[in-house]
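Heads up: the structure comes next, in structure tokens.
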Amino acid sequence: MITTNIKPMYKKLLTGGFIVLWGTGGVVWYIFNQKLEETSKKNADYTVNANDFIKEFHDNDSLANKKYVEKIISVKGNVSDKENLDSTVNIKMSDSLSGDYIIYTFQEQHIEEAKKIKIGDNVIIKGSCSGGTYSDILQTRYISIKRAALIK
């Protein structure tokens with residue numbers, strides 16, 4: 001008698017587990033295949049000067065992170081460093097006094113344009129702020145901007 005009740009219960013659990021697994025797989029597939037909107041076409045939540053932006057994180061990174069993380073930021077400043085990598089380019093704007101810097105990672109469609117930027121160029125770059133972090137190893141603070149696009 002007990003074995004007869006177990007089989008229908010086992011089938012229900014197996015079916016329920018399969019449905020949950022299938023649903024979770026669908027959500028994961030959607031997230032990984034989601035297309036992000038072109039950054040250069042989005043309106044900036046904030047337009048800032050690079051040195052003021054860096055100072056805001058330097059003075060109170062917790063408050064600045066609350067304000068800027070996952071917001072579109074348009075930053076005007078001078079390029080202090082450039083790293084050409086195989087498939088991408090990283091641009092930095094630094095504060096010469098503190099050593100703190102902003103680092104930009106460009107969207108795929110803007111990489112060739114970013115490779116033409118020279119150290120010392122005064123540019124406007126727009127992207128999504130990932131936040132500021134202090135590095136104990138480097139003894140400096142850096143602010144990451146992802147999905148960047150050169151505006152000017």
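Per-structure values
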| read-out | value |
| --- | --- |
| Single unsatisfied condition, Asn84 versus (1) under 15 Å from the mean Cα position of the chain (by Cα); (2) touching a residue at least 12 places away in the same chain (Cβ under 8 Å); (3) open to solvent by 60 Å² or more (accessible area, probe 1.4 Å) | (1) |
| Ser98 being open to solvent by 30 Å² or more (accessible area, probe 1.4 Å) and in contact with a helix residue (DSSP H, G or I) (Cβ under 6 Å, 6 or more places away or on another chain) | yes |
| Residues that are at pLDDT 90 or above, open to solvent by 40 Å² or more (accessible area, probe 1.4 Å) and not in a helix (DSSP H, G or I), drawn from the range 29-62 | Asp45, Tyr46, Thr47, Asn49, Asn60 |
| Test: residue in the range 130-144 that is among the β-branched types (Val, Ile, Thr), crowded, with 16+ Cβ neighbours inside 10 Å and under 22 Å from Lys41 (Cβ atoms) | no |
| Any pair with Cβ under 7 angstrom, 6 or more apart, that starts in the range 122-148 at a residue that is within 10 Å of Phe57 (Cβ to Cβ) and ends at one that is small (Gly, Ala, Ser) and not in a strand (DSSP E or B) | Gly132/Ala64 |
| Every residue from the range 104-129 that is over 14 Å from the mean Cα position of the chain (by Cα) and open to solvent by 60 Å² or more (accessible area, probe 1.4 Å) | Gln109, Glu112, Glu113, Lys115, Lys116, Lys118, Ile119, Asn122 |
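The values are calculated or read from the model by the stated rules, or taken from the named source; none is laboratory data. Keep in mind it's a predicted model, so treat the numbers as computed, not measured. Virtual Cβ from ideal backbone geometry, glycine too; neighbours counted across all protein chains shown. These accessible areas exclude ligands, DNA and RNA; they are computed on the full protein's heavy atoms, side chains included. Shrake-Rupley method; radii C 1.70, N 1.55, O 1.52, S 1.80 Å.
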